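Engineer: Sending over a structure as structure tokens; questions will come in a sec.
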């Protein structure tokens, strides 16, 4: 049985109840953190009742934040959430820096931590396990490992990280369902898994077939109406609505996203701005979409909102 405390129970229940929200971070016109705008944006996001909120993660441009900005972002998320749902803060880089972010998030009142892939280098399985062990030594908060890009755990490594008392789950961004099935079977009862593909709804049905129905939603960051409608249709087994949303909104959105590196965040932020949400531009090295892609994005957004009657 995996480690359980009140925060983990709340997170497990939230994962079953709604999409997982990965909010954007609000920057001003000159690139500085706009914490007032971020709070206003978060209020609108959390009013849609997601299962949990994950501030300062990939969609929130964690890698573009310094430690002071990170502290402000996590503190604001905890304040706005006000105990209504779990707050899972992103941490990352190497284990030494991750421990610093973990302590900041803990002091700010976060409920758990998502360990983003470490910086740059590929590593053997022993190193991936040791990295999590060293982070766990520095904080009592529950940890969720995130595998994507150069981080990929074997079933044996999942068994080993699950033995670390506060490592409670795994976010998967590889979408290798054969491998993921073996990971879920290697993990102890109660270990949390969720789908962290770039646009997770595209593969949500496939993930559910291997016992991983929970997923994060980048679309929730700009169109919670669409994300919520898809989640409800999927949960209810409404294949007609699920396929209509996939065919007419999600697939064209992914095709546009795949045209340019970094659009997994840049396009999401641009869509939020189109809806009047106070998120501002992306920070370098990301770039905002140009006029042609913005026009296509606006057409897609209008179509998606029409599909759900918003």
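Engineer: Output the residues belonging to segment 77-88 that are in contact with a strand residue (DSSP E or B) (Cβ under 8 Å, 6 or more places away or on another chain) and either surrounded by fewer than 24 Cβ atoms within 10 Å (Cβ to Cβ) or in contact (Cβ under 8 Å) with a residue 40 or more places away in the chain (or both).
Structural biologist: Matches in segment 77-88: 77, 78, 81, 85, 86, 88.
Engineer: When you go through (1) under 15 Å from the mean Cα position of the chain (by Cα); (2) farther than 12 Å from residue 86 by Cα one by one for residue 41, which number turns out not to apply?
Structural biologist: Every listed condition holds for residue 41 apart from (1).
Engineer: Further question on the same structure: Output the qualifying pairs, or none if there are none: Cβ atoms under 6 angstrom, residues six or more apart or on different chains, first residue in segment 272-290 and touching a residue at least 60 places away in the same chain (Cβ under 8 Å), second residue surrounded by fewer than 18 Cβ atoms within 10 Å (Cβ to Cβ) and not in a loop (DSSP other than H, G, I, E, B).
Structural biologist: 278/37; 278/40
Engineer: If residue 18 passes every condition in (1) closer than 25 Å to residue 119 by Cβ; (2) crowded, with 21+ Cβ neighbours inside 10 Å but one, which one does it miss?
Structural biologist: (1)
Engineer: Among the listed residues 112, 29, which satisfies the condition of being on the phi < 0 side of the Ramachandran plot and either crowded, with 20+ Cβ neighbours inside 10 Å or at pLDDT 95 or above (or both)?
Structural biologist: That would be 112, the only listed residue that is on the phi < 0 side of the Ramachandran plot and either crowded, with 20+ Cβ neighbours inside 10 Å or at pLDDT 95 or above (or both).
Engineer: Looking at (1) in a helix (DSSP H, G or I); (2) crowded, with 16+ Cβ neighbours inside 10 Å, which is the only condition residue 292 fails?
Structural biologist: Residue 292 satisfies every listed condition except (2).
Engineer: Tally up the residues in segment 244-257 that are farther than 16 Å from residue 302 by Cα and loosely packed, with under 13 Cβ neighbours inside 10 Å, please. Full working, then the answer.
Structural biologist: So in segment 244-257, the residues farther than 16 Å from residue 302 by Cα come out as 255, 257.
Next, from what is left, pick out any that are loosely packed, with under 13 Cβ neighbours inside 10 Å: 255.
Of the residues in segment 244-257, 1 are farther than 16 Å from residue 302 by Cα and loosely packed, with under 13 Cβ neighbours inside 10 Å.
Engineer: Next question, about the same structure. Of the residues 128, 183, 177, 141, which is in contact with a helix residue (DSSP H, G or I) (Cβ under 9 Å, 6 or more places away or on another chain), under 19 Å from residue 88 (Cβ atoms) and modelled with pLDDT of 95 or more?
Structural biologist: Every option except 141 fails the conditions.
Engineer: Which is more than 21 Å from residue 86 (Cα to Cα) and under 21 Å from the mean Cα position of the chain (by Cα), of 170, 120, 116, 141?
Structural biologist: 120
Engineer: Just one of 198, 204 is surrounded by 23 or more Cβ atoms within 10 Å (Cβ to Cβ) and not in a strand (DSSP E or B); which is it?
Structural biologist: 204
Engineer: Now, a different point. Can you name every residue in segment 156-171 that is out of contact with any strand residue (DSSP E or B) (no Cβ under 6 Å at 6 or more places or on another chain), part of a helix (DSSP H, G or I), surrounded by 15 or more Cβ atoms within 10 Å (Cβ to Cβ) and free of Cβ contacts under 8 Å to residues at least 60 places away in the same chain?
Structural biologist: Those that are out of contact with any strand residue (DSSP E or B) (no Cβ under 6 Å at 6 or more places or on another chain), part of a helix (DSSP H, G or I), surrounded by 15 or more Cβ atoms within 10 Å (Cβ to Cβ) and free of Cβ contacts under 8 Å to residues at least 60 places away in the same chain: 157, 158, 159, 160.
Yes or no, residue by residue, for (1) touching a residue at least 40 places away in the same chain (Cβ under 8 Å); (2) not in a helix (DSSP H, G or I):
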| residue | (1), (2) |
| --- | --- |
| 90 | no, yes |
| 101 | no, no |
| 106 | no, no |
| 118 | no, yes |
| 126 | no, no |
| 129 | no, no |
| 133 | no, no |
| 139 | yes, yes |
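Engineer: Could you identify the single residue in 262, 276, 280 that is surrounded by fewer than 13 Cβ atoms within 10 Å (Cβ to Cβ) and at positive phi?
Structural biologist: Answer to the check: 276.
Engineer: I would also like to ask the following. Between a first residue in segment 172-188 that is more than 9 Å from residue 210 (Cβ to Cβ) and a second residue that is at pLDDT below 95 and surrounded by fewer than 16 Cβ atoms within 10 Å (Cβ to Cβ), which pairs have beta carbons less than 7 Å apart while being 6 or more apart in sequence or on different chains?
Structural biologist: 188/1
Engineer: Of the numbered conditions (1) over 13 Å from residue 15 (Cβ atoms); (2) in contact (Cβ under 8 Å) with a residue 40 or more places away in the chain, residue 196 satisfies every one except a single condition; which is it?
Structural biologist: (1)
Engineer: Run residue 74 past the list (1) part of a helix (DSSP H, G or I); (2) without any contact (Cβ under 8 Å) to a residue 12 or more places away in the chain and report the number of the one that doesn't hold.
Structural biologist: In the conditions (1) part of a helix (DSSP H, G or I); (2) without any contact (Cβ under 8 Å) to a residue 12 or more places away in the chain, residue 74 misses (2) alone.
The values are calculated or read from the model by the stated rules, or taken from the named source; none is laboratory data. Quantities reported herein were computed from a predicted structural model and do not represent experimental measurements. A quick note on method: Cβ atoms are made from the backbone with ideal geometry, for glycine too, and the neighbour counts reach across all protein chains shown.
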